[in-house]
1. Counting other beta carbons within 10 Å of each Cβ, put 57, 300, 29, 329 in order, fewest first.
2. What whole-number value in cubic angstrom gives the convex hull volume per residue for the C-alpha atoms of the stretch 1-50?
3. On full extension of the chain, what length is gained from residue 111 through residue 78, given 0.36 nm per residue of separation minus the C-alpha to C-alpha distance?
4. Rounded to the nearest 0.05, what FRET efficiency do residue 304 and residue 275 have when you use their Cβ-Cβ distance and R0 = 30 Å?
5. Among 137, 354, what is the fewest-to-most ranking by other Cβ atoms within 10 Å?
6. At 7 Å along the Cα-to-beta-carbon direction for both residue 29 and residue 297, put a label point, then send me their distance in nm to one decimal.
7. Per residue and in Å³, how big is the convex hull formed by the alpha-carbon atoms of the stretch 269-317?
Amino acid sequence: MHVSENRLSVTHTRLLDQFRGGKPLALARAISLVENQREGFQDFLHTVLATGSRTRRIGFTGPPGAGKSSLVAELARAYRQADEHVGIVAVDPTSPYSGGALLGDRIRMNELATDPGIFIRSMATRGSLGGLAATTKEVIDLMDAFGFERVLVETVGVGQTELEITAAADTVVVVLVPESGDAIQAMKAGLMEIADVFVINKADRPGADRLLREIRQAIHLRTGHALSDVPAHHGVDLSRMMKKEATEDAPAPHEGGWQIPVLKTTAQTGEGVPELLAAIVDHRTWLEESGELVRRRRLRARGRVSDVVDRELHRLAWASPEVQDRMARGLDDIQEGRGTPYSVADTILRALLKDRGPLR
């Protein structure tokens, strides 16, 4: 694979000019180009991404029904009131019939669709795990290059496989609801490790305060702060435990110095949204001042390089006639008891690596 602006086709060059001219239709077509991995999409991406990352990427994850779409819509409205241009990527389950997104999030954000300063793209997971579609990160890159000040990314909400959002966003907001269960479930889902901000949405429902306390206690426990002054097993000082309510109201410490806020919102009424906006600003400030933003972007770039290499190796491997031939002969060997999947894979890898010695 060789990427160069000079290799762009006439069609893609025209698309690039329209993209750089700020035409929303060009952005939509560029996203389709990348999402469907059409011929020349790598060259197009290479060209538009040469300017580097500028946008603020905010991810929203959590269980289905947590109100992520409503919360994203409220934040988008607030950012528009500040005259910011906003891109929204909503990852939906794949339709079993068309293979496309079910567009549930697009329907819920319908009121935003007429705002020329907001661009919404629904994406199908297409079998990809991790809460994101396979090309979500590249679509976010396109929105970044297009010039949006903010890109809001909502994961599909499939439960315990939402961790890919950390490789796509600067700030991760985990959205829970009282009905989503206790803090232990959140810990089992790995959400404690990825959250920069916790939000208890639909906070007007019973159990919201209890869940908020449990999440705060769980974060303190995970970081080793909640019981740091309590003797082990026997001889517990109950007077210290009586101070629990005071500590529950404080933000929870995060590795590296960030204090993870646990907030309550009701997206339908907008209650708590200003506090969430302030928490996102505070987190951005911490990212920049601590150097964490540079570190996260470097890790993100590393992951993107790995993704591209993996995808290209996969494509090159199965496009090779020699590999296909060795696969066919290897399957015969397996059927006749002369080989195993490992020996066949070894011969295929040797063909790709031109027999560069034993594989480990």
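1. On the way: 57 26, 300 20, 29 16, 329 12.
Least to most surrounded, the residues fall as 329, 29, 300, 57.
2. Numbers: hull volume 3.5 nm³, N = 50.
Per-residue hull volume (Cα only) is 70 Å³.
3. Values: separation 33, 0.36 × 33 = 11.88 nm, distance 1.37 nm.
Full extension of this stretch gives 10.5 nm more.
4. On the way: r = 33 Å, r/R0 = 1.09.
For residue 304 and residue 275, the calculated efficiency is 0.35.
5. Values: 137 21, 354 6.
Sorted ascending by nearby Cβ count, the order is 354, 137.
6. About 3.0 nm separates the two model spin labels.
7. Values: hull volume 3.6 nm³, N = 49.
Value for the stretch 269-317: 74 Å³ per residue.
Any read-out appearing in this document is the output of simple, stated calculations on the displayed coordinates, not a laboratory observation. Predicted model only: the values in this text are computed from it and were never measured. FYI the Cβ positions are ideal-geometry reconstructions off the backbone, even for glycines, and counts take in every protein chain you see.
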